[in-house]
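What follows is a short report on a single structure.
The values are calculated or read from the model by the stated rules, or taken from the named source; none is laboratory data. Values in this document were obtained by computation on a predicted structure and should not be read as measured data. Cβ sites come from the backbone with ideal geometry, for glycine too, and all protein chains shown count toward neighbours.
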Amino acid sequence: MKTETTIYQNTAEFKGFSKETLAKFDEIKNHFPAGKEKSAIIRMLHLAQSEIGWLSTEGMDEVAKMLNIQTIEVYEVATFYTMFHVNPVGKYVFEVCRTGPCMLVGSDKIIDYIQEKLNIKVGGTTADGAFTLKTVECLGACGYAPVLQCNYKFHENLTKEKVDELIDAYRSGIIEN
Amino acid sequence: MKVTIDDITIEVEAGTTILNAARKIGGEVVPPAMCFYSKLPGTGGKCRTCLVEVAAGSTADPRPMPKLVASCSTPVMDGMIVKNKTSERVHEGRSAVVEFLLINHPLDCPICDQAGECNLQDLGYEHGSVKTRYEEERRTFDPIDIGDKIKLHMNRCILCYRCVEVANQLTEKRVHGVLNRGEHAEISTFIEQAVDNEFSGNMIDVCPVGALTDRTFRFKSRVWFLKPMEAECDCKKCAGKVVLWMFGQEIYRVTGRKDQYGEIETIDDKTAWICNECRFDKKDLAKWKVTGPRVIDRHSVISQGKYETSITPSIKKIN
Amino acid sequence: MKNRKLLLENVHIPGIETFDVYRKNGGYRSVEKALNGMTPDEVVEEVKKSGLRGRGGAGFPTGMKWSFLAKPEGIPRYLVCNADESEPGTFKDRYLMEKIPHLLIEGMITSSYALGANTSYIYIRGEFMYILHILEKAIAEAYNKGFLGKNILGKGYDLDLFVVPGGGAYICGEETALLESLEGKRGNPRIKPPFPAVKGLWGCPTVVNNVESLAAVVPIINEGGDAYANVGIGRSTGTKLISACGNLVKPGVYEIEMGLSVEEFIYGDDYCQGIANNKKLKACVPGGSSVPILPHYLVTKTASGEDRLMSYESLAEGGFVSGSMLGSGGFIVFDEDQCIVRNTWNFTRFYAHESCGQCSPCREGTGWMEKVLHRLENGHGNIRDIDLLAEINKKIEGNTICPLGDAAAWPVAAAIRHFRDEFEWHVTNKDEAITRNYGLSKEPLIA
């Protein structure tokens, strides 16, 4: 099933991974015995996503080629794990936890507030392509709830004021991706 | 080693699964299987329709197993006592599984080409309830096109993974698989592309429901109006041993030869998978040598009509 | 009661995340002790003596799990650390790995030696990518100082240790799903038998242990299994990391000695300091979202009136009728303003979202429950929905490939058992149910 997303067109054409990323791919493959390199796939997909901004088909096909596996095997993995965005997303993806412990201390209100503030719905991307809002299940930070993660960074004990600060900080580039 | 299933004791080799032991006995004690396919290693364990009760684990450790176990993937132990038909818990468990499989399954049997030879239909007939308790909207998937020969109807899929294994084991390149997860898991190619390979048509034969059907046969006829005939041809790609589904002198569809568990038969020690050319492109009777009628020994709607009466009893029944 | 700390004693020392500070404070002694004077079997024996039970949630004795490991000639064995901490309410492993990463690495070296593993992996949930980098930095230090790599401490034992991230899937905390994921596949749990101890990672014998369990091996070897077993109460030996969250004054990670009273833990000054905003306690889920919820009158006392303690046995006292489980130690506290129906729906949505979709009862059943609960919570429920939920529950439980089905079923069953009045109120007072919460449920009259 396709998820509802406002598609932010990532205009940059994919021309293969950078040298640094390729070097990392090679290093990661060495973590596993010969013939078991497929184990590197999840970490490679993380790196691929970080470089491209999302997991485009081209990017996934390239990963398949490097692991010498069929492309469908990569698609199967990429669509199983929720951290991978197989549809285009904004530059900063706010993934707000919605599970029990966060809900108990007001994550619903935080989600509503971000929707209002960025003028998007959950799953949507701002018109300038800067922010995408998603909800996720438990991030394992329940004691510091409500919490959101943005491109691997945790932002905890959220309040409306903190959300304001956070959005400003991202917009002005104080927090780097 | 000895295993007792529904009070019938049988000797089997070590490593045999409960389901295969039951199939050796045959008849009523055989649990149904929707995802397990003995000719496709790696299948099984998923649909949970073959759950049985293990009343005694083995002679060495006669304790009962606390949960029902999947008979297709649990090996027997010496002295194991299994209950299938004779267990109330099994009946309850199986009804539960059938209910789960049906809540999101479309009620489109009247227009589904699989009707009459559908495992889910059979199970619903045996274990289903008259009315559904599901008040929610049924889950639907966006249709995708996987080529001009095979029709994928994802709404009907029960995710048995058999077709994935067909592609893994019979074809060189797999382009379809299971994407997403949970109740959104679906068979798909991700980017639209044709599932096209010499043996991909076998996906249709292994599909327990109407999720994968033959486009060359689509909406042509109900299967119970057709006469199944055994036929063969000289084929370079496959054994060429098929069943022709005929109406008069016309071939409506071609399938592999299936045994009573719906699995492709073993002929000359090989599973008689058929190639796409035999299945889709040889609808001309002149291309086949018909060797006789095919007895379909099934208990579902397909045999309610004429098969059992129309065929001379002297023909050996396939057991 | 006295409160000994065995894991987090040094956590507040500045720089403890570095090898040098960690080492100066007694770090890596267990590796020296094991490699210098103990056979692998002796290490296993100490762990058995300690009575340590798996800290991931199931509570299976770690030493026993180790002794099941098959040891065929010429086939490698693996130790895999389960750092896929995703059970709602649980965040203890994250804390431990972030603050004192060398403790886990030390525990893994000692444990790998005991199991005869020459390559070990830490599988960490992908969301904890920053901790992966912390761990890799610490691992590099350990290689540098000769505690990892070839010929460790000159004793002829080789060990390589790698960290592997997941990609966002709760199910990968189930050990066979974790192994599938570690092999680079979808996290579909495997059908058992065979168990990982016989056929695990790449078909080789494998032990999968939780972060906290492996960290606990360090004090066990340092002080001896008997000494560890003397800490705690009864068969709940040692200390436990509890992640406290929800409506508490001071949520966070606490290391407690098993046997601490629940009362003290919730209200004590050294712990959570009571319910936030001067509210009353309504309910508590003491071991992560999968375990049964306890209503306020069963939290600090058992049904028979005894003090409820933080231990495997005491929290389970009363079975599923009036007890719960210690589980992963994810202690979630609800104040009087919380809605049980809403929370039950929320948890069920979690399980429906995290179901791998492989087996039919879980794939279809969790989604069904989620929809029914959503209806109830939003004032579209029917009185028969409550019994329907209980029945769907029973149909999932025990019929699935892995325990996720049970984990999804138990919270719903317990919520209906203890808070049926609140569910019914959601049906009879539909309009009100949307605008306000039910409040505290009444204590049942126990004859």
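With the condition being in contact (Cβ under 8 Å) with a residue 24 or more places away in the chain and under 23 Å from B:Gly116 (Cα atoms), I'd like the strands (runs of 3 or more DSSP E) fully within the range B:229-299 carrying at least 3 qualifying residues. Here the list reads B:241-247, B:250-256. For the range A:64-88, taking the residues that are under 26 Å from A:Gly129 (Cα atoms) and free of Cβ contacts under 8 Å to residues at least 24 places away in the same chain, the one that is surrounded by the fewest Cβ atoms within 10 Å (Cβ to Cβ) is identified as A:Thr79.
Right, B:Ala60: more than 14 Å from chain C (Cβ to nearest Cβ), free of Cβ contacts under 8 Å to residues at least 60 places away in the same chain and assigned to a strand (DSSP E or B) or not? No, not satisfied.
Residues in the range C:354-387 that are within 8 Å of chain B (Cβ to nearest Cβ), in contact (Cβ under 8 Å) with a residue 24 or more places away in the chain and part of a helix (DSSP H, G or I): 5 in all.
Counting residues in the range B:141-158 that are surrounded by fewer than 20 Cβ atoms within 10 Å (Cβ to Cβ) and among the aromatic types (Phe, Trp, Tyr) gives one or more. The residue list B:Arg94, B:Arg139 contains one member that is basic (Lys, Arg) and in contact with a strand residue (DSSP E or B) (Cβ under 7 Å, 6 or more places away or on another chain), which is B:Arg94.
Please specify each residue of the range A:51-99 satisfying the condition of being among the aliphatic types (A, V, I, L, M) and within 12 Å of B:Phe190 (Cα to Cα). Within the range A:51-99, A:Met60, A:Ile72, A:Val74, A:Val77, A:Ala78, A:Val86 qualify. For the range B:171-185, the set of residues classified as more than 9 Å from chain C (Cβ to nearest Cβ) and either more than 17 Å from A:Ala64 (Cα to Cα) or β-branched (Val, Ile, Thr) (or both) consists of B:Thr171, B:Val175, listed by residue number. For the range B:144-166, a residue qualifies if it is in contact with a helix residue (DSSP H, G or I) (Cβ under 7 Å, 6 or more places away or on another chain) and away from chain C (no Cβ under 13 Å), and the qualifying residues are B:Lys149, B:Ile150, B:Arg162, B:Cys163, B:Val166. For beta carbons closer than 8 Å, sequence separation of 6+ or different chains, a first residue in the range C:1-23 that is farther than 26 Å from C:Ile233 by Cβ and a second that is among the basic types (Lys, Arg) and not in a loop (DSSP other than H, G, I, E, B), the qualifying pairs are C:Ile16/C:Lys99; C:Glu17/C:Lys99. Within the range C:104-143, the only residue that satisfies the criterion of being buried (at least 21 other Cβ atoms within 10 Å of the Cβ), part of a loop (DSSP other than H, G, I, E, B) and either facing another protein chain (nearest Cβ under 10 Å) or of a type outside the set (Gly, Ala, Ser) (or both) is C:Arg125.
Within the range A:10-44, if we keep just the residues that are within 17 Å of the chain's Cα centre (by Cα) and closer than 23 Å to C:Ser120 by Cβ, the residue that is surrounded by the most Cβ atoms within 10 Å (Cβ to Cβ) turns out to be A:Ile42.
Filtered by the rule that a residue be surrounded by fewer than 21 Cβ atoms within 10 Å (Cβ to Cβ), touching a helix residue (DSSP H, G or I) at 6+ places or on another chain (Cβ under 8 Å) and in a helix (DSSP H, G or I), the range B:104-120 gives a lone residue, B:Cys109.
Every test in (1) surrounded by fewer than 21 Cβ atoms within 10 Å (Cβ to Cβ); (2) under 23 Å from B:Val166 (Cα atoms); (3) of a type outside the set (Lys, Arg) is passed by B:Val242 save one, and that test is (1). Note on the range C:388-447: residues that are part of a helix (DSSP H, G or I) and modelled with pLDDT of 90 or more amount to 34. Restricting the range A:82-94 to residues that are within 17 Å of A:Ile167 (Cα to Cα) and in a loop (DSSP other than H, G, I, E, B) leaves a set whose member that is nearest to the other protein chains (Cβ to nearest Cβ) is A:Val89. Just one of (1) under 20 Å from A:Gly106 (Cα atoms); (2) touching a residue at least 60 places away in the same chain (Cβ under 8 Å) fails for C:Cys284. It is (2). For the range B:114-129, name all the residues that are more than 16 Å from B:Cys160 (Cα to Cα) and either modelled with pLDDT of 95 or more or within 14 Å of chain C (Cβ to nearest Cβ) (or both). Residues satisfying the conditions are B:Gly124, B:His127, B:Gly128, B:Ser129. How many of the residues making up the range C:1-47 are within 30 Å of C:Leu260 (Cβ to Cβ) and among the polar types (S, T, N, Q)? Looking only at that region, the number is 4. For B:Arg133, the criteria (1) surrounded by fewer than 21 Cβ atoms within 10 Å (Cβ to Cβ); (2) within 14 Å of another protein chain (Cβ to nearest Cβ); (3) touching a residue at least 40 places away in the same chain (Cβ under 8 Å); (4) assigned to a loop (DSSP other than H, G, I, E, B) hold in every case but one, which is (3). Being within 16 Å of the chain's Cα centre (by Cα), more than 22 Å from A:Gly143 (Cβ to Cβ) and more than 14 Å from chain B (Cβ to nearest Cβ), is that true of even one residue in the range C:284-291? For the range C:284-291, residues within 16 Å of the chain's Cα centre (by Cα), more than 22 Å from A:Gly143 (Cβ to Cβ) and more than 14 Å from chain B (Cβ to nearest Cβ): absent. Just one of the numbered conditions (1) closer than 22 Å to B:Glu263 by Cα; (2) loosely packed, with under 14 Cβ neighbours inside 10 Å is not true of B:Ser71: (2).
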